[in-house]
1. Within the range B:272-279, can one find any residue that is open to solvent by less than 50 Å² (accessible area, probe 1.4 Å) and either part of a loop (DSSP other than H, G, I, E, B) or modelled with pLDDT under 95 (or both)?
2. Assuming B:P240 fulfils every condition listed in (1) in contact with a Phe, Trp or Tyr (Cβ under 8 Å, 6 or more places away or on another chain); (2) open to solvent by less than 30 Å² (accessible area, probe 1.4 Å) apart from one, which condition is it?
3. I'd like to check something: does the range B:308-315 contain any residue that is part of a helix (DSSP H, G or I), crowded, with 17+ Cβ neighbours inside 10 Å, in contact (Cβ under 8 Å) with a residue 12 or more places away in the chain and within 14 Å of another protein chain (Cβ to nearest Cβ)?
4. Taking the range B:168-202, which residues are assigned to a helix (DSSP H, G or I) and without any contact (Cβ under 8 Å) to a residue 60 or more places away in the chain?
5. So which residues in the range A:195-213 are under 30 Å from A:D250 (Cα atoms) and open to solvent by 10 Å² or more (accessible area, probe 1.4 Å)?
6. Can you tell which of A:V224, A:V216, A:V248 is surrounded by 15 or more Cβ atoms within 10 Å (Cβ to Cβ) and modelled with pLDDT under 95?
7. Which residues, taken from the range A:164-192, are within 11 Å of chain B (Cβ to nearest Cβ) and either in a helix (DSSP H, G or I) or among the β-branched types (V, I, T) (or both)?
8. Identify all residues within the range A:105-115 that are open to solvent by 10 Å² or more (accessible area, probe 1.4 Å) and either out of contact with any Lys or Arg (no Cβ under 9 Å at 6 or more places or on another chain) or within 16 Å of ligand 2 (Cβ to nearest atom) (or both); write none if there are none.
Amino acid sequence: MSPAKKTNSADYLRMYRQMVRIRTFEDNANQLYLSAKMPGLTHMYSGEEAVAVGICEALTDDDRITSTHRGHGHCVAKGADFKQMFCELLGKAEGYCRGKGGSMHIADQSHGNLGANAIVGGSMGIATGSALRAKLMGQDDVTVCFFGDGATAQGLLYEVMNMAALWKLPVIYACENNGYSEYTKTEEIAAGSITARAEAFGIEAHRIDGQDVLAVNELTQKLVARCRKGEGPFFIELETYRYHGHHVGDINRAYYRSKDEEKDWKENRDPIIRFRSWLVEQGIASEEEIEAMNAEVEKDAAEAVAYAEAAPYPDVSEVDMHVYAA
Amino acid sequence: MREITLSQAVNEAIAEEMRRDPTVFLLGEDVAEAGTPFKVLSGLVEEFGTQRVIDTPISEPGFMGLAVGAAMTGARPIVDLMFGDFIFLVMDQLCNQAAKIHYMSGGKLNVPLVLRTNMGATRRSAAQHSQSLQALVAHIPGLKVAMPSSAYEAKGLMKTAIRDNNPVVIFEDKLMYQDKAPVPEEEYLIPFGVANIKREGTDITLIATSSMVQVAEKAAELLAAEGISAEVIDPRTIVPLDEATLLESVRKTSRAIVIDEGHQSYGITAEIASRLNEKAFYHLDAPVLRMGAMDVPVPFSPALEDVTVPTPEGVAANARKLCAGELIHAA
Ligand SMILES: Cc1ncc(C[n+]2csc(CCOP(=O)(O)OP(=O)(O)O)c2C)c(N)n1
Ligand SMILES: [Mg+2]
């Protein structure tokens, strides 16, 4: 990692804290699922924190993101509150979507998160459309479209990248390449190079270590600034890894990926461990300060979980509310 | 007789047909080593190899299109669509291409393919993984639609679908994969367009599809305890529809409720109800009722989701009203 810029300490500490918040959120969500308190199906973001945080820390609340089925990390990184998130995961009335969406559809309008999506690739049109609106209406916000390596197999991506390039739209396509699409290795489902797909449309594409939060953040800051000047769209492929199964029920993974591989990523490339040592090395925070920050986040999460567990479900009368807008 | 799960029944049907006919092959996401997320296809790649059990990228319109082309030129593909909700992604290849090619070619080209997918809510999977979209495809001439209500039906209908020379869409209820039913060891097929009378009765006919057959059977139990005799009929295929059996029953009972998990409006239930009205009008003592899922996207919260689907109690309550003549002048 590059040396620290003296003036940026607060930013660095916030980035660290946001990564820890994601990891802690997921640990709690996983626990809720395993103890059968959380209904449905969920996909953990643990391991990929530097991607969401590096990118979202380069955005403002006016900038938009579209998220995926593995969306808790994007949601936290874009500024969401634990209580409303856990309430949503448990289907409670105070959740971000009043319990109607759940893990796979969590959206946070107040911070520009246009929503997770349970259709792989389903948000590519939405993100590009958001960027089209910014351009047409003379607004200077940027939209980031998060999607996985597996989602590059969706034809929609190629339709919208073509239009984004033709019309110079302020959108950044952020491909989170975690090496797998469900239980299948990326190289078995994606021919050729991922960045070359964007380059074929004349879109500037970058491939970057998604476990290095500073590198991700620096690149994104540059691309966001250029998007605001009308130089978009851009494409980033971020090399990363998911620590858990594809979804919480995917426990026996040995048939598609080895324990050694998992261990290597967790022990040698963990984005939080790496950034933490860097913060200490650069004298930005002491071990004690970091431990205190971790403990505070854990406490926040525990409180939010307890709050959500005790919170009421929506009243049954809400079932046919929100089908049509007023 | 031995009992097996619906999941095993589907697996056996496909394996038997693949052994019998070398032109049958499977394609879809994570169908090979993973055997699908529901593990329905486990073991098939070990027996038939990756040439006939093919893992695809997440490119639904693409592999649906490949299946249409392969079917037109001599193969019998089975497309595995992980969730019924993804049918929206394959609509063009399925409805504009597969459904129409035999007709448009004046009967010269065939498209013998099976699209196997699922339906059904109350799994807390939210709005994009819980829909029951059978009405959408049943609306398109050229497609056949099967809805197995147990392991027995799942096996017999799947084998018939694979041998059919038309595109067939099979909707399995994902909550029923682990449900067991008696399934003979010997080979059998269930012909399309032949309804199954699950329970005989004289006061009211409950026509139900897929998992709603269980709901109707439970409702019939509740009603029997009160002296109301309900007949339960499972059409098994929606296209073709065994109208004769349904009409015969309704002429006998004079009352009917049609139950399907698709949305209430513009659905399978409306189609069946109007056919009964058109062809058995003078035999009816009460309007034919439709019971489907509420006209709302399926909500995630358990507190909301459970009220969106028909229940045995709800069916029994409506049946009681029909039998008491209460709904004849319903506003
Ligand atoms: C259109 C569609 N097809 C299939 C699925 C089932 N599915 C959910 S996630 C997933 C894999 C996605 O892989 P990737 O895009 O790499 O994201 P990751 O899960 O690795 O974050 C699949 C096949 C889906 N939800 N939507
Ligand atoms: Mg992936």
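The values are calculated or read from the model by the stated rules, or taken from the named source; none is laboratory data. Predicted model only: the values in this text are computed from it and were never measured. When we count neighbours, we look across all protein chains shown, and the Cβ atoms used for this are built from the backbone with ideal geometry, even at glycine. Ligands, DNA and RNA are excluded from the accessible area calculation, which covers all protein heavy atoms including side chains. Shrake-Rupley method; radii C 1.70, N 1.55, O 1.52, S 1.80 Å.
1. Among the residues of the range B:272-279, not one is open to solvent by less than 50 Å² (accessible area, probe 1.4 Å) and either part of a loop (DSSP other than H, G, I, E, B) or modelled with pLDDT under 95 (or both), which makes the answer no.
2. (2)
3. Yes, the range B:308-315 contains at least one residue that is part of a helix (DSSP H, G or I), crowded, with 17+ Cβ neighbours inside 10 Å, in contact (Cβ under 8 Å) with a residue 12 or more places away in the chain and within 14 Å of another protein chain (Cβ to nearest Cβ).
4. Once the filter is applied, which keeps residues that are assigned to a helix (DSSP H, G or I) and without any contact (Cβ under 8 Å) to a residue 60 or more places away in the chain, the range B:168-202 yields only B:L175.
5. A:T195, A:R207, A:I208, A:D209, A:D212
6. A:V248
7. Answer for the range A:164-192, where residues must be within 11 Å of chain B (Cβ to nearest Cβ) and either in a helix (DSSP H, G or I) or among the β-branched types (V, I, T) (or both): A:T184, A:T186, A:E188, A:I189.
8. Listed by number, the residues that qualify are A:H105, A:A107, A:Q109, A:S110.
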